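The values are calculated or read from the model by the stated rules, or taken from the named source; none is laboratory data. Only a predicted model underlies this, so the values are computations on that prediction, with no experimental measurement involved. Glycine gets a Cβ as well: all are built from the backbone with ideal geometry, and neighbour counts include every protein chain shown. Note: accessible area is taken over every heavy atom of the protein model, side chains too, but ligands, DNA and RNA are not part of it. Shrake-Rupley method; radii C 1.70, N 1.55, O 1.52, S 1.80 Å.
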Amino acid sequence: MTKQIRVGPVAVGGGAPVSIQSMCNTKTDDVAATVAQIQKLEAAGCEIIRVAVPDEAAALAVDQIKEQISIPLVADIHFQHRLALLCAERGVDAIRINPGNIGGEENVKAVADACRQRGIPIRIGVNGGSLEKELRAKYGGVTAEALVESAMGHVALLNKFDFDDICISVKCSDVPLTMAAYRLLSERTDYPLHLGVTEAGTPSMGLVKSAMGIGGLLCMGVGDTIRVTLTADPVEEIYAAQKILKAAGVRTEGVNLIACPTCGRTRIDLIPLAEEVERRLAGCHKNLTVAVMGCVVNGPGEAASADIGIAGGDGEGLIFCKGKPLYKVPQEKLLDALMTEIERL
């Protein structure tokens, strides 16, 4: 089991539930826009939010943002240790930084001291695209061993200044490489791990890469907090993360929708029906398994574990519960009948 840190009120590692993160794409010094986006993300299920802090204007906005949101705020900082100090002074809940790229050791010590005094954890964020040149040369490119050596070098630098409140990520856009790096890292350290496949792309491919990389690692018992990176509205990252956590069996709360792929027995327009069921259940927080099946031959039997479901017929469908038929209704009334039964459960 990994060590546990606290990002504001959210526990990360040490057996705590795997938390969902995202990052704002607004200009951080536009406080109103940033707060509005964070509130949307929180409503969707985001539990930790990160903002870019590229300059002093962004750092000075941190406390104004934090005053207006409910979830923990992480400052993402590169190169300028002074920005980390400003964010620490303004009550940020965590800092994402690479200790090796903020100047000399005196700068690292200053940041470590400021964070230790305020109980602010630091995430060491190693990225394949910015791996140190000497490590690229040593390993002949970006490898799992190179990423882990980079991370552990940053850990040693913080440890040198008596700082141990650490989370680590070792991301790149190559899924097998990312998975290999995290598996190796999990063998070498017990610090909590922040999972992600960086630059995963648009939702269609990005979700596949993230499901394979993040979901695969979670199924192996590796990972304590996750961020799905998509070239899309950040809210889409939250929905994707929730799906990955459910598919990996890490979270069971909320609706689990199962649906058959359709076949030659299907006599009902199942695909749009399943999509509409998914849309209507997006905000449902009941712990239910809901099935949308294409035929009455196999539907109830194959989905016997479902709490409630539909089995399609010829222009009609069967509403069933725990594999047992309840009643038949015409196709056009199936969706409303299903939602009525879900409300009753």
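Values computed for the structure shown
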{"item": "Members of the stretch 185-202 found to be open to solvent by 30 Å² or more (accessible area, probe 1.4 Å) and not charged (D, E, K, R), listed by number", "result": "Ser186, Thr202"}
{"item": "From the options Tyr182, Tyr239, residue that is open to solvent by 30 Å² or more (accessible area, probe 1.4 Å), among the hydroxyl-bearing types (Ser, Thr, Tyr), touching a residue at least 12 places away in the same chain (Cβ under 8 Å) and out of contact with any Ser or Thr (no Cβ under 6 Å at 6 or more places or on another chain)", "result": "Tyr239"}
{"item": "Pairs with Cβ under 6 Å, 6+ apart, first in the stretch 202-224 and more than 15 Å from Ala241 (Cβ to Cβ) and in contact (Cβ under 8 Å) with a residue 40 or more places away in the chain, second open to solvent by 10 Å² or more (accessible area, probe 1.4 Å) and not basic (Lys, Arg)", "result": "Val222/Ser186"}
{"item": "Residue match in the stretch 90-101 (condition: out of contact with any Ser or Thr (no Cβ under 6 Å at 6 or more places or on another chain), of a type in the set (A, V, I, L, M, F, W, C) and modelled with pLDDT under 95)", "result": "yes"}
{"item": "Check on Ala33, of a type in the set (A, V, I, L, M, F, W, C), within 19 Å of Arg123 (Cβ to Cβ) and modelled with pLDDT of 95 or more", "result": "no"}
{"item": "Near pairs, Cβ below 7 angstrom, 6+ apart or cross-chain, from the stretch 1-23 (under 25 Å from Leu230 (Cβ atoms)) to any residue that is open to solvent by less than 30 Å² (accessible area, probe 1.4 Å) and among the hydroxyl-bearing types (Ser, Thr, Tyr)", "result": "Val10/Ser19; Val12/Ser19; Val12/Thr225; Val18/Thr225; Ser19/Thr225; Gln21/Thr225"}
{"item": "Lone qualifier among Leu230, Leu257 - being open to solvent by 50 Å² or more (accessible area, probe 1.4 Å), in contact with an Asp or Glu (Cβ under 7 Å, 6 or more places away or on another chain) and of a type in the set (A, V, I, L, M)", "result": "Leu257"}
{"item": "Given (1) open to solvent by less than 40 Å² (accessible area, probe 1.4 Å); (2) more than 13 Å from Val197 (Cβ to Cβ); (3) touching a residue at least 24 places away in the same chain (Cβ under 8 Å); (4) touching a helix residue (DSSP H, G or I) at 6+ places or on another chain (Cβ under 8 Å), index of the condition Ala146 fails", "result": "(3)"}
{"item": "All positions within the stretch 316-343 that are small (Gly, Ala, Ser) and more than 17 Å from Glu276 (Cβ to Cβ)", "result": "Gly323"}
{"item": "Filter result (of a type in the set (Val, Ile, Thr) and either more than 17 Å from Ile238 (Cβ to Cβ) or in a strand (DSSP E or B) (or both)) within the stretch 199-212", "result": "Val208"}
{"item": "Positions within the stretch 261-309 being buried (at least 19 other Cβ atoms within 10 Å of the Cβ), more than 12 Å from Ile342 (Cα to Cα) and touching a residue at least 60 places away in the same chain (Cβ under 8 Å), in sequence order", "result": "Ile268, Leu273"}
{"item": "Output for the stretch 152-204, where each listed residue is closer than 12 Å to Thr2 by Cα and β-branched (Val, Ile, Thr)", "result": "Ile166, Ile168, Thr189"}
{"item": "Candidates Leu217, Leu257, filtered to the one that is of a type outside the set (Gly, Ala, Ser) and at pLDDT 95 or above", "result": "Leu217"}
{"item": "Residue, surrounded by the most Cβ atoms within 10 Å (Cβ to Cβ), within the stretch 91-141, restricted to residues that are over 22 Å from the mean Cα position of the chain (by Cα) and of a type in the set (Val, Ile, Thr)", "result": "Val111"}
{"item": "Cross-chain or 6+ apart pairs with Cβ under 9 Å, the stretch 72-83 first and within 12 Å of Pro99 (Cα to Cα), then hydroxyl-bearing (Ser, Thr, Tyr) and part of a helix (DSSP H, G or I)", "result": "His78/Ser130"}
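Residue-by-condition table, conditions (1) farther than 22 Å from Ile97 by Cβ; (2) in contact with a helix residue (DSSP H, G or I) (Cβ under 7 Å, 6 or more places away or on another chain); (3) among the aliphatic types (A, V, I, L, M):
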{"position": "Ser22", "(1), (2), (3)": "no, yes, no"}
{"position": "Thr28", "(1), (2), (3)": "no, yes, no"}
{"position": "Ala36", "(1), (2), (3)": "yes, no, yes"}
{"position": "Glu42", "(1), (2), (3)": "yes, no, no"}
{"position": "Glu47", "(1), (2), (3)": "no, no, no"}
{"position": "Glu67", "(1), (2), (3)": "yes, no, no"}
